[in-house]
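The values are calculated or read from the model by the stated rules, or taken from the named source; none is laboratory data. Treat the numbers as computed from the prediction; the structure is a model and nothing was measured. Quick reminder, even Gly has a Cβ in these numbers, built from the backbone with ideal geometry, and neighbours come from all protein chains shown.
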C-alpha cells in the first residue's frame, strides 16, 4: 500500500512540532492486514462499511493487496478472509483468491519477510480461508508455520499467563482468545492491536474499542497509539531543523519504554528515548537498558528473540554513547555492540533489519551510530556503508529499495553528510569529494520537487506501515542538512571519519 505522505521538504521544524502537538496519539498509516482481521472478527463494531470499502480500494490490479513480492501474502490472506467471512464483494474475493493461488504456485512459504508473527499468521489465515472452500480449491498449507502455530495454541490454551508479546497477535487463535480472562485492554486495545482486540472480544461489544475505531474512521492501523516511537524517532531529526527539541515530551524511561501501550517494553524504543533525552540535555541512568543485554548484543525483547535487530543495537549504542560517564559497564557494552554491528554488516557494506523493509534505513541507523560512538575500529565499516550508498543512487538522484522514495533518499543523504565531516578516515575512492557533491546535489533536487509522491509503506509490523511524522521529519531534516552542508571539495577527501558531534 502506498501512502501519499507530505514530504515537508519546504516546511520548518517548528511546523513539525505543531504536528506532534496536534496528534498526541501519533500518525500512522492504515493497515490492510489489521483492517481485514477486524472486519472478519468484529463485523458489528463501528465502521464496518468503511473497513470493507477500504479493503476494496486497496486491492491491486493483479488481485493482491500489500507490498511487492512476498510482502503481499499476509495482507492478501487477511483481505480475502474478510471478504469471504462477511460475504462482501464476492467478485473481489474471487479475484483475490485466484491471485493467492497463483502467488503460492510461484513462491515458497520460506520466502516470507521477517514481519511480525508471519510464521503464525499465514497458517492461521490459510486455515480460516480453507474453511470457506471446497477441497479442490483450498490453499496450500504452510507446514513449518503450522508446527509453530500448534505450539503457540498450546500456550494459549494452557491456562498460564500469556507472554505480553503474544497478546499482540491473539487473532491467530480467535477461538481461544476470548477465553484469556487475565488479558486486560489498555486504551481500548489488547496488545496495542485492533485485530487482537477483535479476537479477544469474541463478538462482544466494547465502547472503548469503538472509540479507537472511530478515531481512524473504521479502518485501523498496525498498532495504536504510536506516540512513544514517534517522538523518540522524530526528535533527533528535528534537532537539525532549528526547532527547539526541548519542547518534545518524551516517555519516562523508568523500567523501559514500550512502543505502544499494551506491548512489552523493548530495547529499541527504550534506547531511542534515552538518546533523545540526552539530546534534550537530560541525561539519564541506563538501568532500563541492562535487562535487554545478551552475551554479544542487546535483544529487542526481555529474554531474547528469534531474529536479533541491528537497528535496535544501533539505538542502544547511541543511548549508551550519549550517556557515557566513565562507567566500565557502559564502555564494555559500547565495545560489544560495535563489534556485533560490524560483524552483522553485509559484504556490500549495507545492513538489513527486521523492523524495516529497506536496507537504507538499517544502514543509516548502524553507520551513523558506529560513526559517532563505534570508535576507530568501526571506521572501515562506516566507509563501506558510505561506498554502498554512493553506488546505489538512482539516475534521478534518489535512493530506494523498490523505487525512488523521499524517505530512503533522506536516510542516504543524511548518512553521507554525517559521515564525511573530517579527514580521519580513509577515502572511498580517488574522486570521493566530487562524487559526494554530485550525489547530494541530485538528492537535493529530488527532495525539493513540489509534487507529492506516493510513498510506499516500508516499516515492519504484521504488514508494512508508515509512521508519517517520522518520515516527514527525516525528509525535512535531510533538506535542511543539504542546504547547510557542503561536502569537501578535495578530490582526495575522505568519506568517513569521527566528527566531534554528529547526531
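Values computed for the structure shown
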item	result
Residue 200 being assigned by TED's automatic domain parsing to the domain that holds residue 282, in contact with a helix residue (DSSP H, G or I) (Cβ under 6 Å, 6 or more places away or on another chain) and either surrounded by fewer than 24 Cβ atoms within 10 Å (Cβ to Cβ) or in a helix (DSSP H, G or I) (or both)	no
Subset of segment 29-50 that is under 25 Å from the mean Cα position of the chain (by Cα) and in a loop (DSSP other than H, G, I, E, B) - its residue that is surrounded by the fewest Cβ atoms within 10 Å (Cβ to Cβ)	29
Failed item, numbered, when residue 53 is tested on (1) part of a helix (DSSP H, G or I); (2) closer than 22 Å to residue 356 by Cα	(2)
Filter pass, residue 255 being within 25 Å of residue 15 (Cβ to Cβ), surrounded by fewer than 19 Cβ atoms within 10 Å (Cβ to Cβ) and more than 22 Å from the chain's Cα centre (by Cα)	no
Failed item, numbered, when residue 54 is tested on (1) in contact with a strand residue (DSSP E or B) (Cβ under 7 Å, 6 or more places away or on another chain); (2) modelled with pLDDT of 95 or more; (3) surrounded by fewer than 18 Cβ atoms within 10 Å (Cβ to Cβ)	(3)
Helices (runs of 4 or more DSSP H) fully within segment 68-131 counting 3 or more residues that are without any contact (Cβ under 8 Å) to a residue 40 or more places away in the chain and not assigned by TED's automatic domain parsing to the domain that holds residue 259	90-106, 118-130
Residue list for segment 203-233, restricted to those being out of contact with any strand residue (DSSP E or B) (no Cβ under 9 Å at 6 or more places or on another chain), in contact (Cβ under 8 Å) with a residue 60 or more places away in the chain and not in a loop (DSSP other than H, G, I, E, B)	210, 213, 214, 215, 231
Single match in 288, 276 (criterion: in the same structural domain as residue 355 (by TED's automatic domain parsing), under 26 Å from residue 222 (Cβ atoms) and out of contact with any strand residue (DSSP E or B) (no Cβ under 8 Å at 6 or more places or on another chain))	276
Flag for residue 189 being in contact (Cβ under 8 Å) with a residue 40 or more places away in the chain, in the same structural domain as residue 469 (by TED's automatic domain parsing) and under 30 Å from residue 22 (Cα atoms)	no
Test for residue 26: is it part of a loop (DSSP other than H, G, I, E, B) and closer than 22 Å to residue 469 by Cβ	yes
Any hit, segment 77-84, residues being within 21 Å of the chain's Cα centre (by Cα) and surrounded by fewer than 22 Cβ atoms within 10 Å (Cβ to Cβ)	no
Check on residue 168, modelled with pLDDT under 95 and either assigned by TED's automatic domain parsing to the domain that holds residue 304 or within 27 Å of the chain's Cα centre (by Cα) (or both)	no
Hits in segment 105-136 - residues which are farther than 30 Å from residue 359 by Cα and loosely packed, with under 12 Cβ neighbours inside 10 Å	131, 134, 135, 136
